[in-house]
1. Please specify each residue of segment 21-33 satisfying the condition of being within 17 Å of Gly72 (Cα to Cα) and modelled with pLDDT of 90 or more.
2. Test of understanding: among Ile79, Ile50, which residue is surrounded by fewer than 19 Cβ atoms within 10 Å (Cβ to Cβ) and under 12 Å from Gly16 (Cα atoms)?
3. With the requirement that a residue be among the polar types (S, T, N, Q) and either part of a loop (DSSP other than H, G, I, E, B) or buried (at least 19 other Cβ atoms within 10 Å of the Cβ) (or both), what does segment 54-76 give you?
Amino acid sequence: MRELTGKQRRFLRSLGQKLKPSVTIGKEHISDATIRNIRGLLETRELVKIRLPASLGKHRRDEAFSLARSVGASCAGVIGRSALLYRPNPQLPSEQRIALP
């Protein structure tokens with residue numbers, strides 16, 4: 001996955017403010033089922049908000065980037081306990097795609 005520019009990350013974070021977390025990661029942290037679930041969500045939409053566990057502490061950012069790599073996405077940002085993952089999907093109808101600046 002290519003790296004996002006600062007402008008693109010800011011744009012995606014602005015879109016992500018309106019989203020509710022689609023996935024909540026619990027005490028078990030990231031499992032194979034969680035990865036499959038996130039991959040499925042990225043097939044139907046390009047931007048997914050994930051709620052990370054509080055137990056990760058200051059390692060939330062590392063965990064979010066690791067998760068993004070494992071699902072073939074880019075991490076658009078980590079704010080508090082929320083992470084935004086973005087993966088473009090050219091098979092979606094044009095009205096459902098996100099046009100990055």
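The values are calculated or read from the model by the stated rules, or taken from the named source; none is laboratory data. Since this is a predicted model, take the numbers as computed values, not measurements. As a convention, Cβ positions derive from the backbone with ideal geometry for all residues, glycine included, and neighbour counts pool all protein chains shown.
1. Val23
2. Details: Ile50 fails: surrounded by fewer than 19 Cβ atoms within 10 Å (Cβ to Cβ).
Checking each option against the conditions leaves just Ile79.
3. Filtering segment 54-76 for residues among the polar types (S, T, N, Q) gives 55, 66, 70, 74.
Passing the criteria: only Ser74.
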